[in-house]
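Single-structure report; data block below.
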Amino acid sequence: MKNQTRQIFAVLLLAALSHTAQAQTGDCRFKDAEALKSYLKPGKRTTPLIMAHQGGTEDGFPGNSMATFERTYAKVPCVLLEIDVRATADSLLVISHDDDLALKTNGKGLLSKKKWKEVSKLRLKDPYGSMTEHPIPTFQDVLNWSAGKNLVLIVDKKPETSITQTIKMLQGTGNLYKSVLICYSLQEAQFAHKLAPQLMLAVGFNSLEHIDTIEQSGLPFEQLVALTPRELQDGSFYQRIHDLNVASSLGTNGNIDTLQATDSRPLYQKIRDSGGPDIICTDNPILLQSIFYKRD
């Protein structure tokens, strides 16, 4: 009888653990455009999804490095991995937040004026300005690595970077259906939608007036992610976005993320409990994972 009781308890425990994992990640395998659209649909969860800004920069790991991507992917289930795409002088797409190489690497000058042969020799600085051993990855490196993994790519294609080239590479590596392309204008979003009608797009929803403009843009709402102001807005603002069937994202990078964990924790919890943003974009994805999905 005791053995039977233990077996029943084990089955119930496994079911509970399985339910917890599912609650955190959902089905993170995106075989087609409908799967990602459904996953990001607002109103499906009580806890915001975690977007890792530059892949995360916690514990001295440099942003936009393969080592950081690997670490965040291992620790944050179904992470929304935000990466920055720029082009070198010889038109190779690489991952870099800034054009000014001195800001995040041991190089000088503008990345856009350097050929890949020179850029490939540079090393990244950590968030505190110390040099690391990590090089600048190419966009192709990241796409090859991402292709077989359960994650979402948030592709911040900088304004001067070719939309056509970026989308072709997403298509060619099987990453199109697991990607959201950040667009810096409605015109850019409309062009991207014409090139890849099923691609998810992220655009700025900065005010109620801006939302009115987006409503008239002809873009399919169900394929949009709303990039909202960094400060938590009134609930009616997010409700207006949700009424369009659009998920909203709020960035804590550069503000709450810079605080000590004891100070930032209640602010993250306030955003979570507000019922507003569906996604939090953060430099601290692993910390957020521990706060949102802490184990008893």
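The values are calculated or read from the model by the stated rules, or taken from the named source; none is laboratory data. The shown structure was predicted, so the numbers you read here are calculated from the model rather than taken from an experiment. Ideal geometry is used to build each Cβ from the backbone, glycine not excepted, and the neighbour counts take in all protein chains shown.
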Q: From Ser236, Ser264, grab the single residue that is exposed (fewer than 13 other Cβ atoms within 10 Å of the Cβ) and without any contact (Cβ under 8 Å) to a residue 24 or more places away in the chain.
A: Ser236
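Would you confirm, using the coordinates I've provided, whether Lys168 is within 28 Å of Tyr268 (Cβ to Cβ), basic (Lys, Arg) and out of contact with any Phe, Trp or Tyr (no Cβ under 6 Å at 6 or more places or on another chain)?
Considered against the rule, which asks whether it is within 28 Å of Tyr268 (Cβ to Cβ), basic (Lys, Arg) and out of contact with any Phe, Trp or Tyr (no Cβ under 6 Å at 6 or more places or on another chain), Lys168 comes out as no.
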Q: Hey, could you check segment 160-216 for residues that are surrounded by 13 or more Cβ atoms within 10 Å (Cβ to Cβ) and hydroxyl-bearing (Ser, Thr, Tyr) and say which is nearest to the chain's Cα centre (by Cα)?
A: Ser179
Q: Within segment 134-159, work out how many residues are within 14 Å of the chain's Cα centre (by Cα) and among the hydroxyl-bearing types (Ser, Thr, Tyr).
A: 1
Q) Within segment 163-178, can you find the residues that are assigned to a helix (DSSP H, G or I), in contact with a helix residue (DSSP H, G or I) (Cβ under 8 Å, 6 or more places away or on another chain) and within 18 Å of Leu81 (Cα to Cα)? A) Thr166, Ile167, Met169, Leu170, Leu176, Tyr177, Lys178
Q: Filter segment 168-178 down to residues that are in contact (Cβ under 8 Å) with a residue 60 or more places away in the chain and under 12 Å from Lys157 (Cβ atoms), then give me how many there are.
A: 1
Q: State whether one or more residues within segment 183-197 are among the aromatic types (Phe, Trp, Tyr) and over 25 Å from Ser38 (Cβ atoms).
A: yes
Q: Taking the options Thr252, Thr258, name whichever one is within 23 Å of Asp84 (Cβ to Cβ) and crowded, with 22+ Cβ neighbours inside 10 Å.
A: Thr252
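Which ranges mark the helices (runs of 4 or more DSSP H) fully within segment 186-296 that have 2 or more residues being closer than 18 Å to Val152 by Cβ and not small (Gly, Ala, Ser)? Step through it out loud before you land on a result.
Details: elements: 186-195, 208-215, 235-243, 261-274, 285-292.
Counting at least 2 such residues, we get 285-292.
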Q.
Can you name every one of the helices (runs of 4 or more DSSP H) wholly within segment 68-162 that holds 1 or more residues which are within 30 Å of Lys294 (Cα to Cα), hydrophobic (A, V, I, L, M, F, W, C) and at pLDDT 95 or above?
A. 139-146
